[in-house]
Amino acid sequence: MSRRLFICVFLLASAAATPGAGVDGSRAVIRRDTYGVPHIWAPTEEEAAFAQGYAAAEDYFPLLARLFLRAKGLQASVFGEGALGDDIYMHQLGIHEVAESAFPTMPPVIRGLLSGYAGGYNLYLAQHRSSAPPWAKPVDGVDVLAHCRAVLLVDFFLLDRGFWASEDRQLALSNTTPPESHRLGSNMWLIGGSRTLSGRSMLLANPHVGWGGPYSFQEVQITVPGRINVSGATLIGFPVVGIGFNDYLGWSHTVNRFSSSDVYELTLDPADAAHYIYDGQSIPLTSRTIEIQVSRPDGAQTVKKTLWSCHYGPVVRTGPGKAYALKSADLNGVDFLTEWNLMAKSKSLAEFRSALNLQALPLFNVGYADRAGQIFYVFNGRIPDRIPGSPLGKPLAGDNSTTEWYSLVPVGSLPQILNPKNGYLQNCNDPPWYVNLAEHPRPADFPADMVLDTLGWRGQFSLDLLDRQERWDLAMMKRLKFDEHVIMAPRLKPDLVKLMREQIFSPRVVAAANLLDKWDDRASIDSRAALLFLRWWDNYERSAKPQFRVKWMEEDPVHTPTGLGDRKAALSSLTAAIKDLQSAYGSISPEWGEVHRFRRGNIDLPIGGAAGCFRTIGYHPEGDQKLVGDFGDSFVLAVEFTDSPTAYSVLAYSESSDAASPHFADQSRMFTQGEWKRVWFSEADIRNHTEREYHPGS
């Protein structure tokens, strides 16, 4: 059989089993620019999604293949016992099951996007079958939807923002292991036309997530004449743009914290433990048995598990006479792709807010700016309209309807603000009361337990900077985004240095005091004091009681807390930090960039920034005593809404995960130096900066 005929047969076989399949992407065009970013043109959205799926597979095939397998609960069949808990969890939450049942009811255009994306992925798989893992299989639109659900509901939300955060940790789902703490954050700036030198509004998007796995971003532009023209970033496997801009407006997200789920304590019927009591009636629990293939050293084996549920949702634990069920506002969610698609097509604030009214995104603050100079913010999410006084984090009585919620707080009743008079809005995972210092939603106007966020260091730095700076331009936004000031240093360093000099210590302590005193408070590549201070802070933060001499005050939210609160802990923490650095590096003053590295393939570069900076970078230790970046600033976008938007971006880990690609680490070099690349958006710019043009599969 010829290769061309094999591919055709492969695709026809896939389409036959795919709801809404059969999308032909041959008319779509992919133009890769000089940084490998795909600019996709197609006559229909379905064909554009086909090209997007193909381009994503070109850049991220091994990861995509595994993520699709994960969403179906099939990892254990390939990767063994260690993946069994994840597989069970996917079934308990109904990740694929809900996608399968909901897919036929979704808007035709969204079904087309999902099936088209699957078709492009499948074409790539067919062309590379000989080099692909044998377990990589064709997918359909349902599989793509299930993957999107898994990322949003598991990786971004449920695992670390639902019942895993419950005070009663034993209510975790059975037969699963709690995940490592996912460090999710973001920065977002919205600057109105009244505050910029050009009179045009500006947007800064800066998500903070892990540099890989389901959190991987791909930059893309999608153009369908008369339908959509959007540029930005999407999580791989998503046939939409999640953070981006079009000719008229742009938007970004930051992670917000609230409770969308409750655990209900059921009283089982003494006469029949497969029933529970609700409003005086005995109601049957629903059960289903799943079979999961597990690869084991002695061969594949089948594990059977019975999953129980009730009208609240899945049963997460049982005990003598009791069962515990999860009710979540998000478990059946599928329309978030529709909302993002509508946001990207909006041409005005009114249209954008209409898209938000779909209220399908399970979380995320939403920030908006447009070419009319307007800015807007909403603390977005699917928040249950609970019975007043319902306790959060504790099981609710599930034996009657008086404790049960049935609806969501509508978008119009969520904290939000439009066009504050002083012309800026910001969010760094802070409460909505701190989007602006002078004008903002008032906590008294909302339920006390609606917002669980607190004002952090990045938010304080951001607010102070935006409030003080009278006029902004794009160059200033780009420069300050990569600011490496250690935000808590000026609050604590003067007291710490003074304390060190008041004591009689060894020459090392004297040297440490002099080192910190001369430090410019930055975690820059050439800094020799930043590592000492941050090691001290890590120790002090854990042990000091209280941490600060002046606690945080609502009336001065950006200049407090301040001062050392525990002198004894400060000194012992410093002694430990000095000993630690001397042992690891033979010095208390190694250069930051000598220790902190960006590694990707053969690339090994110094990098500045830290978790205590606006330039947020998280690190993990490697065997050679180096700390290697793996989290934080990922996709960074700055846009000014000129007549044709002027935009710059950089992707920390570059556009492709293929080590053989020229775009495996080209942006990474720029990223480590705080540099940006231009986003080519207009047709003329794309044409003038196209590196390669092709049809999917050609």
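Given the condition more than 26 Å from the chain's Cα centre (by Cα), part of a helix (DSSP H, G or I) and surrounded by 16 or more Cβ atoms within 10 Å (Cβ to Cβ), answer yes or no: does some residue in the range 467-487 qualify?
no
Taking the range 432-446 on its own, how many of its residues are in contact (Cβ under 8 Å) with a residue 60 or more places away in the chain and either in a loop (DSSP other than H, G, I, E, B) or more than 29 Å from Gly389 (Cα to Cα) (or both)?
The number of residues fulfilling the criteria is 2.
One residue is enough: does the range 563-574 have a residue meeting the conditions farther than 23 Å from Asp495 by Cα and assigned to a loop (DSSP other than H, G, I, E, B)? Full working, then the answer.
Initial filter on the range 563-574 (farther than 23 Å from Asp495 by Cα): none.
Checked against the condition, which is being farther than 23 Å from Asp495 by Cα and assigned to a loop (DSSP other than H, G, I, E, B), the range 563-574 yields no hits at all.
Just to check your reading of the model, which residue among Gly412, Gly398 is small (Gly, Ala, Ser) and buried (at least 17 other Cβ atoms within 10 Å of the Cβ)?
Gly398
Do the conditions hold for Leu496, that is, is it modelled with pLDDT of 95 or more, more than 27 Å from Phe635 (Cα to Cα) and either loosely packed, with under 15 Cβ neighbours inside 10 Å or not small (Gly, Ala, Ser) (or both)?
yes
Given the structure, is Asn429 in contact with a Pro (Cβ under 8 Å, 6 or more places away or on another chain) and part of a loop (DSSP other than H, G, I, E, B)? If you could, list the steps in order and put the result at the bottom.
Numbers: in contact with a Pro (Cβ under 8 Å, 6 or more places away or on another chain): no; part of a loop (DSSP other than H, G, I, E, B): yes.
Judged against the criteria, Asn429 is not a match.
For the range 517-546, what are the residues that are in contact with a Leu (Cβ under 7 Å, 6 or more places away or on another chain) and not small (Gly, Ala, Ser)?
The answer is Arg528, Leu531, Leu532, Phe533, Arg535, Trp536.
State all residues of the range 86-106 that are over 18 Å from Gly313 (Cβ atoms), in contact (Cβ under 8 Å) with a residue 60 or more places away in the chain and over 23 Å from the mean Cα position of the chain (by Cα); if no residue qualifies, say none.
Within the range 86-106, Phe103, Pro104, Met106 qualify.
Going through the range 569-609 one residue at a time, which ones are in contact with a Phe, Trp or Tyr (Cβ under 8 Å, 6 or more places away or on another chain) and among the β-branched types (Val, Ile, Thr)?
Val595, Ile607
For residues in the range 247-276 being of a type in the set (S, T, N, Q) and over 20 Å from Leu396 (Cα atoms), which is nearest to the chain's Cα centre (by Cα)?
Thr254
Is it the case, given these coordinates, that Tyr648 is among the hydroxyl-bearing types (Ser, Thr, Tyr), part of a loop (DSSP other than H, G, I, E, B) and under 30 Å from Leu190 (Cα atoms)?
no
Among the strands (runs of 3 or more DSSP E) confined wholly to the range 271-327, which include 1 or more residues that are touching a helix residue (DSSP H, G or I) at 6+ places or on another chain (Cβ under 8 Å) and under 18 Å from Leu84 (Cα atoms)?
Here the list reads 286-296, 299-309, 315-319.
Output the number of residues of the range 344-380 satisfying the condition of being assigned to a loop (DSSP other than H, G, I, E, B) and either surrounded by fewer than 18 Cβ atoms within 10 Å (Cβ to Cβ) or at positive phi (or both).
Qualifying residue count, the range 344-380: 8.
Residues Gly82, Gly36: which one is out of contact with any strand residue (DSSP E or B) (no Cβ under 7 Å at 6 or more places or on another chain), outside any helix (DSSP H, G or I) and under 29 Å from Phe664 (Cβ atoms)?
Only one candidate passes the filter, namely Gly36.
I'm trying to understand the selection: among the residues of the range 447-464, which are touching a residue at least 12 places away in the same chain (Cβ under 8 Å) and surrounded by fewer than 18 Cβ atoms within 10 Å (Cβ to Cβ)?
Scanning the range 447-464 gives Pro447, Asp449, Leu452, Thr454, Gly456, Trp457, Asp464.
Listed here are the residues, each with its yes/no results for (1) in contact with a strand residue (DSSP E or B) (Cβ under 6 Å, 6 or more places away or on another chain); (2) surrounded by 20 or more Cβ atoms within 10 Å (Cβ to Cβ); (3) part of a helix (DSSP H, G or I).
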site: Ser527; (1), (2), (3): no, yes, no
site: Lys545; (1), (2), (3): no, no, no
site: Lys579; (1), (2), (3): no, no, yes
site: Ile588; (1), (2), (3): no, yes, no
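Being surrounded by fewer than 17 Cβ atoms within 10 Å (Cβ to Cβ), in the same structural domain as Ala584 (by TED's automatic domain parsing) and polar (S, T, N, Q): is that true of Asn602 here?
Here the answer is yes, as Asn602 does meet what is asked.
Gln625 fails exactly one of the following numbered conditions: (1) under 27 Å from the mean Cα position of the chain (by Cα); (2) in contact (Cβ under 8 Å) with a residue 24 or more places away in the chain; (3) over 30 Å from Trp251 (Cα atoms); (4) exposed (fewer than 15 other Cβ atoms within 10 Å of the Cβ). What is the number of that condition?
Among (1) under 27 Å from the mean Cα position of the chain (by Cα); (2) in contact (Cβ under 8 Å) with a residue 24 or more places away in the chain; (3) over 30 Å from Trp251 (Cα atoms); (4) exposed (fewer than 15 other Cβ atoms within 10 Å of the Cβ), the lone unmet condition for Gln625 is (1).
In the range 85-111, which residue that is hydrophobic (A, V, I, L, M, F, W, C) and not in a helix (DSSP H, G or I) is nearest to Glu45 (Cα to Cα)? Give the steps one after another, and end with the answer.
If we filter the range 85-111 for residues that are hydrophobic (A, V, I, L, M, F, W, C), which is where we start, we get 88, 90, 93, 95, 98-99, 102-103, 106, 109-110.
Applying the additional criterion that residues be not in a helix (DSSP H, G or I) yields 93, 106.
Details: Leu93: 30, Met106: 15 Å.
Applying the filter and picking the extreme gives Met106.
Quickly run through the range 63-85 and pick out the residues that are within 30 Å of Asp24 (Cβ to Cβ), of a type outside the set (Phe, Trp, Tyr) and touching a residue at least 60 places away in the same chain (Cβ under 8 Å).
Pass one, the range 63-85, residues within 30 Å of Asp24 (Cβ to Cβ): 63-72, 74.
Now restrict to residues that are of a type outside the set (Phe, Trp, Tyr): 63-67, 69-72, 74.
Selection gives Leu63, Leu64, Ala65, Leu67, Leu69, Arg70, Ala71, Lys72, Leu74.
With the requirement that a residue be farther than 16 Å from Gln218 by Cβ, in a loop (DSSP other than H, G, I, E, B) and not basic (Lys, Arg), what does the range 614-645 give you?
Phe614, Thr616, Glu622, Gly623, Asp624, Gln625, Phe641, Thr642, Asp643, Ser644, Pro645
Name the residues in the range 660-698 that are more than 13 Å from His39 (Cα to Cα), in a helix (DSSP H, G or I) and not aliphatic (A, V, I, L, M), would you?
Within the range 660-698, Asp666, Gln667, Ser668, Arg669, Phe671, Thr672 meet the criteria.
Limited to the range 112-136, what total is found for residues that are of a type outside the set (D, E, K, R) and either in a loop (DSSP other than H, G, I, E, B) or farther than 18 Å from Leu69 by Cα (or both)? Give the steps one after another, and end with the answer.
Of the residues in the range 112-136, the ones of a type outside the set (D, E, K, R) are 112-128, 130-136.
Now restrict to residues that are either in a loop (DSSP other than H, G, I, E, B) or farther than 18 Å from Leu69 by Cα (or both): 112-113, 116, 127-128, 130-136.
Result for the range 112-136: 12.
Looking only at residues in the range 233-257 that are within 17 Å of Asn427 (Cβ to Cβ) and polar (S, T, N, Q), which one is modelled with the lowest pLDDT?
Selected residue: Asn256.
I'm trying to understand the selection: among the residues of the range 209-232, which are within 27 Å of Tyr424 (Cβ to Cβ) and either surrounded by fewer than 24 Cβ atoms within 10 Å (Cβ to Cβ) or β-branched (Val, Ile, Thr) (or both)?
Val209, Phe217, Val230
The values are calculated or read from the model by the stated rules, or taken from the named source; none is laboratory data. Since the model is a prediction, treat every value here as computed from it, not as a measurement. Every residue, glycine among them, receives a Cβ derived from its backbone with ideal geometry; neighbour counts consider all protein chains shown.
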